[in-house]
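Chemist: Okay, handing you the structure first.
The values are calculated or read from the model by the stated rules, or taken from the named source; none is laboratory data. Computed from a predicted model, the values in this text were never measured in an experiment. Heads up, the Cβs are rebuilt from the backbone with ideal geometry, glycines too, and the neighbour counts pull from every protein chain shown.
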Amino acid sequence: MLKGSIVALVTPFTKYGNVDYSELEFLVNKHCEAGTDAIVAVGTTGESTTLTHEEHIDVVNAMVELSAGRIDIIAGNGSNSTSEAVQLTEKMTQAGVSGFLNVTPYYNKPSITGLIAHYKACADASDKPQILYNVPGRTSLDMTPDMVEQLAKIDNVIGIKEATGDVSRVQELKKRCGDDFILLSGDDPTAREFMFAGGHGVISVTANIVPAKMKELVTAAVSGDTERANQIDAELEPLHNMLFVESNPIPVKWSLALMGWVSANYRLPLTPPEEQNQQLIESVLQKANLLNIQES
């Protein structure tokens, strides 16, 4: 089941700009050990927009192989070109992924008619489940609950990553799409409230650096242990906020580098954090006792 604590995993690079498969193996193993329920491969946090199509597919193939059935791999297959999204979907289905995370087509801002045609084409390209991804802050298009209700009728569309931070949408989506439609928060700072409202989990950036703690938070929140969930979330709040002081994944990759898990290598136009933010990131990690550690 594509629920629970799901990490939106970074894609590590070498100093020469190539994908670092050794560091990728380290990260996959970390999440398997920590009890993370699934990994989103090559999403926004995985710098999908700077990978070539061949690299995109290669990274997904590698994650499936490295996971060796220990954890579900959800592949990012979104694009603002439907034909490109379909091609990615077809090729990554062959890799053996558990499902897809399909972001709203960005920049071209299609109508609901265009959205339905886009997602139907992707769903027709694979028998694997498709999770919608609504992140208007990046795409300039908000998939409102009435749109989601129509999209949920497409075969294979089984849920949504809702990254607006609007917790009030949970019950509206449940009413429109049914209890079986998977609702995943895409906003770490409000994920606890999202799950309290009936959400089924989170696709998390914070889980990159504290996978075991995020798993514990999700378990508590979904099971109704509000006291424990509140306690954990209060501990994680500084991390949630710090990881978005600049565009994701700049802070999270810098954090992982300070922790010794990956190298701090980006692809343009992404660059290391501004100096003041480097200091902030280090300070928050220091207070959380996360610097230079090898275990979650």
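Chemist: Could you check segment 27-104 for strands (runs of 3 or more DSSP E) lying wholly inside it with 3 or more residues that are over 22 Å from Lys120 (Cβ atoms)?
Modeler: Because the criterion is at least 3 residues that are over 22 Å from Lys120 (Cβ atoms), the strands (runs of 3 or more DSSP E) in segment 27-104 that meet it are 38-41.
Chemist: What are the residue pairs meeting all of these: first residue in segment 268-287, first residue closer than 30 Å to Thr52 by Cα, second residue hydroxyl-bearing (Ser, Thr, Tyr) and modelled with pLDDT of 95 or more, Cβ atoms under 6 Å, and 6 or more apart or on different chains?
Modeler: Sorted first by the residue in segment 268-287, then by its partner, the pairs are Ile281/Ser255.
Chemist: For Ile116, state whether it is more than 21 Å from the chain's Cα centre (by Cα) and assigned to a loop (DSSP other than H, G, I, E, B).
Modeler: Considered against the rule, which asks whether it is more than 21 Å from the chain's Cα centre (by Cα) and assigned to a loop (DSSP other than H, G, I, E, B), Ile116 comes out as no.
Chemist: Go through segment 253-267 and report how many residues are among the aliphatic types (A, V, I, L, M) and free of Cβ contacts under 8 Å to residues at least 60 places away in the same chain.
Modeler: Of the residues in segment 253-267, 4 are among the aliphatic types (A, V, I, L, M) and free of Cβ contacts under 8 Å to residues at least 60 places away in the same chain.
Chemist: Anything in segment 143-181 that is farther than 17 Å from Ile116 by Cα, touching a helix residue (DSSP H, G or I) at 6+ places or on another chain (Cβ under 6 Å) and in a loop (DSSP other than H, G, I, E, B)? List them, or say none.
Modeler: Gly165, Val167 - these are the residues of segment 143-181 that are farther than 17 Å from Ile116 by Cα, touching a helix residue (DSSP H, G or I) at 6+ places or on another chain (Cβ under 6 Å) and in a loop (DSSP other than H, G, I, E, B).
Chemist: Counting just the residues of segment 12-35 that are closer than 20 Å to Glu54 by Cα and free of Cβ contacts under 8 Å to residues at least 40 places away in the same chain, which one comes out surrounded by the fewest Cβ atoms within 10 Å (Cβ to Cβ)?
Modeler: Tyr16
Chemist: Checking Ile250 against (1) surrounded by 17 or more Cβ atoms within 10 Å (Cβ to Cβ); (2) among the hydrophobic types (A, V, I, L, M, F, W, C); (3) in contact (Cβ under 8 Å) with a residue 40 or more places away in the chain; (4) within 19 Å of Ser48 (Cβ to Cβ), which single condition isn't satisfied?
Modeler: (3)
Chemist: When you scan segment 213-264, how many residues do you find that are within 30 Å of Val19 (Cβ to Cβ) and not in a helix (DSSP H, G or I)?
Modeler: 12
Chemist: Scan (1) closer than 26 Å to Phe26 by Cβ; (2) touching a Pro at 6+ places or on another chain (Cβ under 7 Å) for the single condition Val210 breaks and write down its number.
Modeler: The one condition Val210 does not meet is (2).
Chemist: To continue, here is another question. With respect to the numbered conditions (1) under 27 Å from Ile209 (Cβ atoms); (2) crowded, with 16+ Cβ neighbours inside 10 Å, which one is the sole condition not fulfilled by Val148?
Modeler: (1)
Chemist: In the list Ser98, Ser83, Ser168, Ser185, which residue meets the criterion of being more than 28 Å from Leu217 (Cα to Cα) and polar (S, T, N, Q)?
Modeler: Ser83
Chemist: Kindly establish whether Gly165 is surrounded by 14 or more Cβ atoms within 10 Å (Cβ to Cβ) and touching a Ser or Thr at 6+ places or on another chain (Cβ under 6 Å).
Modeler: Considered against the rule, which asks whether it is surrounded by 14 or more Cβ atoms within 10 Å (Cβ to Cβ) and touching a Ser or Thr at 6+ places or on another chain (Cβ under 6 Å), Gly165 comes out as yes.
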